[in-house]
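One structure below.
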Amino acid sequence: MCLVFVGYKSGKLRRMKIIMGKKVLRIVLFLIASGFFINAQSATKVDYSQRAEVKIFIDEMVEQHDFDRTYLESRFSAAKRLDSILESIAKPAEKKLTWKQYRPIFVTNKRSNKGKTFMAKHREILERAEKEFGVPVEIITAIIGVETYYGKHTGKYTIFDSLTTLGFDYPPRSAFFKSELKQFLLLSKEENIDVDDMTGSYAGAMGMPQFISSSYRRYAVDFDGDGKRDLWNSVPDVIGSVANYFSEHGWQEGESIVHPANVKNKSVVREKNALKPYATVGQLKNQGVDVRQDLDDKAQITLLRFKGKRGDEYWAGLNNFYVITRYNHSALYAMAVYQLSEKIKK
């Protein structure tokens, strides 16, 4: 759910590094990665309701999902095209962060201390979620910490405008965003939430755990028993929903996540990290990989390489590591969540 990318000019980044200290640069990198440099005010008023493809979309929502035509026409007529989103999403990522650069953004004492406070405050709910779904309290806490800094940064974009803009004015991924727009409207109807009150990231991720609309509908749970699923204001719903997401994606209760490894034969390391386990511990042992943990030789793992502060780091990721990447398809993200969870747990 956390959409991390950097699209800032490398020359400017170098100049910033010269004039800024390391701590400030980390903040800048975090803001870039989180999309904070997008100008949310850059919008164009267009009448989407008059566009042919929008009319077809409205017809489908009316005929297949019993929406009121007048309501949808009114909503699309008032929708804003967010030009800043189109400009940013069209730019290729000019700087790909290494683990050395990525880790200091998320795995910090400040974030882990705030996580400990969050965990202490909501211990009873977290333990109930762990008991019901099998996901450790520190993993649930770390996800919320990485995604939105425990609810502090949930996004200020009106999601209806964001998804309308991307669904009808961004051809490369229009099918995906139109599908999410459909899911968003269904969600607003099911949960009885005004679309104007539903805000989030520029790509449509919502609330403290940053669920996209389809994930919200499929995995969010009412964990406080009030009859609705609220990922903006209900911490119990947030905690239960994150745990349910992991459970539904195959989290194995009581199993480990990732372990350090020594690699004698560097040729066995894949050029690009595979997120899903692809070999057994025994097979990699035979190729010169020593997993620094007593794992069954039949256990499935993926051999990971990260460019760390002291050079290359090698890790053996198990199924639960892969499950974390189902939340965000990035090995860096999963490692940040794991290491933050370990700092929170201590």
Exercise. How would you rank 316-326, 191-201, highest first, on the average number of other Cβ atoms within 10 Å across their residues?
Worked result: 316-326, 191-201
Exercise. Of all trypsin sites (Lys or Arg not before Pro) in segment 195-274, which ones are in loop regions per DSSP and have a Cβ with at most 15 other Cβ atoms within 10 Å?
Worked result: LYS228, LYS264, ARG270, LYS272
Problem set entry | Of LYS189/LYS345; LYS307/LYS343; LYS228/LYS343; LYS110/LYS156; LYS80/LYS110; LYS264/LYS298, those spanning more than 27 Å from alpha-carbon to alpha-carbon | LYS189/LYS345; LYS228/LYS343; LYS80/LYS110
Seminar exercise, completed: Net charge near ASP226 (other residues with Cβ under 14 Å of its Cβ; Lys, Arg +1; Asp, Glu -1) is -3
Problem set entry | For the chain, convex hull volume per residue from C-alpha positions, Å³ | 150
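With contacts defined as alpha carbon pairs under 8 Å and 6 or more residues apart, what's the relative contact order of the chain in percent?
So the answer I get is 17 percent.
Report, as a whole number in µm² per second, the diffusion coefficient that Stokes-Einstein gives for segment 222-289 at 20 °C and 1.002 mPa s using the Kirkwood radius over alpha carbon pairs.
The Stokes-Einstein estimate is 138 µm²/s.
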Problem set entry | Zero-based 5 Å bins, Cα pair distances in segment 258-345, whole percents | 3, 15, 27, 27, 18, 9, 2, 0
For this session: Work from the charge dipole of the chain (Cβ charges, +1 for Lys and Arg, -1 for Asp and Glu, about the Cα centre) and give the residue of SER49, VAL107, ILE125 farthest towards its positive end.
Result: VAL107
Problem set entry | Cut-off 11 Å between beta-carbons: net charge of the residues surrounding ILE159, Lys and Arg +1, Asp and Glu -1 | -3
Seminar exercise, completed: Binned at 5 Å starting from 0, the alpha-carbon pair-distance distribution of segment 196-346 in whole percents comes out as 2, 9, 16, 19, 16, 13, 10, 8, 6, 2, 1, 0
For this session: First obtain the Kirkwood hydrodynamic radius of segment 137-280 from its Cα pairs, then insert it into the Stokes-Einstein equation at 25 °C and 0.890 mPa s, and state the resulting D in µm² per second as a whole number.
Result: 144
For this session: Note the angle between two axes, namely the Cα long axis of helix 123-133 and the longest principal axis of the Cα atoms of the chain, as a number of degrees from 0 to 90, rounded to the nearest 10.
Result: 90
For this session: Wrap a convex hull around the Cα atoms of segment 113-152, take a quarter of its surface area, and give that in square nanometres.
Result: 2.5
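Values quoted throughout were computed directly from the atomic coordinates according to the rules given, and no laboratory measurement underlies them. Being a predicted model, the structure only gives us computed values, none of them experimental. No Cβ is skipped: glycine too gets one built from the backbone with ideal geometry, and neighbour counts run over all protein chains shown.
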